[in-house]
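Comments concern the structure below.
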Amino acid sequence: MIGISACLIGTPCRYDGGSNLVQALEELLSTGQAVVFCPEVLGGLSTPREPAEIVGGTADDVWAGIARVVTTTGVEVTEAFKQGAYIALEQAQQAGVTVAVLKANSPSCGSWMVYDGTFSGNKINGAGLTAALFRRHGIRVLDEGELALEPTLLAGS
């Protein structure tokens, strides 16, 4: 079973109320090969919502209590991001997810890069909270940009 960020199958759950539809992923869901989740919504955040970034490090730093997740106006939303990550993990484990395709650069779902916490558009190496938690629990994480490198994933293998 494959886990997918809900925005990647067209659910309007991005911070700005939009989505990032990837047709091939939507097809995996329609054929019963995938489950979807939006960790930020699962954590209780509304759509739309203020943009948020990890401030003071990466997801590993947030999990260690060193960094936090804040919005553009300085509202701390760390606990909502953590709660959403835990709920997404629980749903993924219950569904038997072994691979997750998560939204690139997101403070929840980013697999390799996240914004640097300055709200300037700069990115740093690191993962979002959900991606990091999934990896800690043995779920392979990739982003939508890596799909071309995974032809067997899209073939349902």
Can you pull out the residues in the stretch 88-106 that are hydrophobic (A, V, I, L, M, F, W, C) and farther than 17 Å from THR152 by Cβ? ALA88, LEU89, ALA92, ALA95, LEU102, ALA104
Does the stretch 17-36 contain at least one residue that is within 14 Å of the chain's Cα centre (by Cα), over 13 Å from GLY117 (Cα atoms) and not hydrophobic (A, V, I, L, M, F, W, C)? yes
Of all residues in the stretch 50-88, count the ones that are surrounded by fewer than 16 Cβ atoms within 10 Å (Cβ to Cβ) and in a strand (DSSP E or B). 1
Could you run through the stretch 24-52 and say how many residues are in contact with a Pro (Cβ under 9 Å, 6 or more places away or on another chain) and among the β-branched types (Val, Ile, Thr)? 1
May I ask you to verify whether GLU50 is acidic (Asp, Glu), farther than 14 Å from GLY84 by Cα and touching a strand residue (DSSP E or B) at 6+ places or on another chain (Cβ under 8 Å)? yes
Given the condition modelled with pLDDT under 95, more than 24 Å from LYS123 (Cα to Cα) and among the aliphatic types (A, V, I, L, M), answer yes or no: does some residue in the stretch 13-27 qualify? yes
Inside the stretch 95-121, can you point out the residues that are surrounded by fewer than 23 Cβ atoms within 10 Å (Cβ to Cβ), within 15 Å of VAL69 (Cβ to Cβ) and small (Gly, Ala, Ser)? GLY117
Test set (1) modelled with pLDDT under 95; (2) touching an Asp or Glu at 6+ places or on another chain (Cβ under 9 Å); (3) among the aliphatic types (A, V, I, L, M) - ALA80 fails condition number: (1)
Would you confirm whether any residue within the stretch 122-137 is among the aromatic types (Phe, Trp, Tyr), over 17 Å from TYR15 (Cβ atoms) and surrounded by fewer than 17 Cβ atoms within 10 Å (Cβ to Cβ)? no
Test THR98 against the stated conditions and say whether it is within 22 Å of CYS13 (Cβ to Cβ) and of a type in the set (Ser, Thr, Tyr). no
Residue that is surrounded by the most Cβ atoms within 10 Å (Cβ to Cβ), among those in the stretch 1-15 that are within 15 Å of the chain's Cα centre (by Cα) and assigned to a loop (DSSP other than H, G, I, E, B): CYS13
Could you check, for the stretch 19-37, whether at least one of its residues is assigned to a strand (DSSP E or B), surrounded by 15 or more Cβ atoms within 10 Å (Cβ to Cβ) and either among the β-branched types (Val, Ile, Thr) or touching a His at 6+ places or on another chain (Cβ under 6 Å) (or both)? yes
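The values are calculated or read from the model by the stated rules, or taken from the named source; none is laboratory data. Values in this document were obtained by computation on a predicted structure and should not be read as measured data. Positions of Cβ are generated from backbone atoms using ideal geometry, with glycine treated the same way; all protein chains shown enter the neighbour counts.
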